[in-house]
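Reading through the structure tokens given below for one structure.
The values are calculated or read from the model by the stated rules, or taken from the named source; none is laboratory data. Just so it is clear, the model here is predicted, and its values are computed rather than measured. No Cβ is skipped: glycine too gets one built from the backbone with ideal geometry, and neighbour counts run over all protein chains shown. Heavy atoms of the whole protein, side chains included, go into the accessibility calculation; ligands, DNA and RNA do not. Shrake-Rupley method; radii C 1.70, N 1.55, O 1.52, S 1.80 Å.
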Amino acid sequence: MANPDPNKYSKNKDIKPESLLSNTLAVGRMLLLILGLIGIAFEIFREDGWLKILLSKIFQSSTSMLSIPVIIFVLWLLNRWMTSPNKAETSKSGDFPMYVMMAIGAYYLYKLVTTGGF
């Protein structure tokens, strides 16, 4: 059976490539995200970091251990809010964590430039 259109990619002839500015901004956003993740990882896993402090506060007494189910429930609600019900449609609420992480990355970039470290 012969293909009626000899060039199967002709449907893409009107698609233009992204501009240099658009690509540069995307790389900058990605670098801020990665820098934010690295900065948070340093804060969590360093000596006397956030993880050690949080675990010591939670396991300090049995009444504070009751907060564990509440934390799990809040994380579940946050997951329900961030994900869209239909996989075909996108939700703008999923962009919020990206912008928060970019702001954290900007903070750690400032901290890195001014103090020379995290």
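Side notes on the structure shown:
- Of all residues in segment 10-22, at least one satisfies being within 24 Å of GLY105 (Cα to Cα), open to solvent by less than 100 Å² (accessible area, probe 1.4 Å) and within 27 Å of the chain's Cα centre (by Cα).
- Being at pLDDT 80 or above, of a type outside the set (D, E, K, R), over 21 Å from LEU112 (Cα atoms) and surrounded by 10 or more Cβ atoms within 10 Å (Cβ to Cβ) holds for only one residue in ILE58, ILE53, and it is ILE53.
- Subset of segment 61-79 that is surrounded by 11 or more Cβ atoms within 10 Å (Cβ to Cβ) and under 16 Å from PRO97 (Cα atoms) - its residue that is nearest to the chain's Cα centre (by Cα): LEU78
- Selection from segment 27-50 of residues that are of a type in the set (D, E, K, R) and surrounded by 12 or more Cβ atoms within 10 Å (Cβ to Cβ): ARG29, GLU43, ARG46
- From the list PHE96, PHE42, the one residue that fits, being assigned to a helix (DSSP H, G or I), touching a residue at least 40 places away in the same chain (Cβ under 8 Å) and within 22 Å of the chain's Cα centre (by Cα), is PHE42.
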